[in-house]
Amino acid sequence: MNKNLTFYRRLPIPMEVKEQYPVSPELSAIRESQVAEMEKIFKGESDRFLLIIGPCSADSEAPVLDYISRLREVQEKVKDKIMIVPRVYTGKPRTTGEGYKGMLHQPEANEKPDLYKGLLAIRSLFIKTLSECGFAPADEMLYPENYRYLSDVLGYVAVGARSTEDQHHRLTASGIDVPVGMKNPTSGDISVMMNSIKAAQSAHSFVYRNWEVQSHGNPLTHAILRGYVDEAGKAHPNYHYEDLYALYETYQASGLANPAVIVDTNHSNSGKKYLEQPRIAKDILHSMKCSSEIRSLVKGLMIESYIVDGAQKISDCEVYGQSITDPCLGWEKTEKLIYELAEEL
């Protein structure tokens, strides 16, 4: 007996949760249509620009759906040039393991963790994102085993900087049928990210949820540049022209399918100075205009945005629609930025 690990309760298997919160054929069709459009973008068959945008972490259903409903109105005005994919990140990776870990852990931010309640809450939120706002959302795959709870509602999956070198994340990504973005690690080692993409684009046999499984490889796995931190703890960006062209050359030498990158405008690319995101976004578009190679490689941006500028402490949590993790761009600035990007594309 392991005295250092308490088995608290058995969680339902994904099929049981899906039966409790089913997805209608109509909603499945919406998701499949949006995944198909993203596939065209990543394969270079569509020149629409992806905008994966939303809060650093989803913290409460009401403001998140409010925010996404605003994105829906904007999407209709820019749909010829931009495809919006709302970030609904329900798991928050923590460097030391301390702090708020997202809605999956704490469906009520100021209450104690309840992962069963969290599983139900996030599936319900994703279904409402589809049914009320017409979007197939993006989430970060914090726990590979949990993907099956959400496999019929998600449109896009990101693997974070702390997870991209993990074997189980890579192998699980190889069996996912939607685009998966692999972030560069916090160290900035691009070879780690490229190895992760290669692994996820390949077929594998492995153990998943107590099953022996065979994946067929995910050709839509791609890079996400998010900047990095050096040994002294200083943040460095990797979104500049030289960085993007170097990644283009690395892709060309790799033989990987569908060369593509999404550029994260926050995190170490902004030094967590969230108000820099509009400037960084426009800088990337300028690089795309200067180089046809970069233009072919950059498929979109990842932006952290919510209703109210900045962030608040989780202990306060009094400002509706303000992040309780990293600071985010407020709605007015977000709306303005999306229209400006559409004009420049």
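Taken together, the values in this text are just the output of simple stated rules run on the coordinates, not laboratory data. Keep in mind that what you see is a predicted model, and the values were worked out from it rather than measured. Using ideal geometry, Cβ is built from the backbone for each residue, glycine included, and neighbour counts are taken over all protein chains shown.
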Problem - Label point distance in nm, Arg279-Glu343, each placed 7 Å from Cα along Cα→Cβ - result: 1.9 nm
Problem - Positive-end residue, segment 244-286 charge dipole about Cα centroid, Cβ charges, pick of Gly271, Ala257, Leu244 - result: Gly271
Completion exercise
Per residue, the convex hull enclosing the alpha carbons of segment 232-345 has a volume in Å³ of 120 Å³
Practice task
Among Leu120, Leu11, Leu297, determine the one that fluctuates most according to a GNM of the chain built with springs between C-alpha atoms less than 10 Å apart.
Solution key: Leu11
Problem - Debye, to nearest 20: dipole size of the chain, +1 on Lys, Arg Cβ, -1 on Asp, Glu Cβ - result: 500 debye
Problem - Full-extension gain in nm, Thr250 to Ser46, via 0.36 nm per residue minus C-alpha separation - result: 71.1 nm
Practice task
Scan around Tyr208 for amide H atoms under 5 Å from its own, H built in the peptide plane at 1.01 Å from N, and keep only partners 5 or more places away or cross-chain.
Solution key: Val213
Problem - Mean separation of Cα contacts under 8 Å (6+ apart) over length of segment 199-345, as relative contact order % - result: 18 percent
Practice task
Could you tell me the number of lysine pairs in segment 1-144 with C-alpha atoms less than 25 Å from each other, where the two lysines are 8 or more residues apart or belong to different chains?
Solution key: 24
Practice task
Can you give me the three principal axis dimensions of segment 287-345 from its C-alpha atoms, in Å, biggest first?
Solution key: 48, 19, 12
Completion exercise
Computed ³J(HN,Hα) along segment 239-247: with the Karplus parameters 6.51/-1.76/1.60, θ = phi - 60°, integer Hz and x for glycine or proline, the list is 9, 5, 3, 4, 5, 5, 5, 4, 5
Practice task
Note the full-extension length gain between Arg72 and Lys3 as 0.36 nm times their separation in residues minus their Cα-Cα distance, in nm to one decimal.
Solution key: 19.8 nm
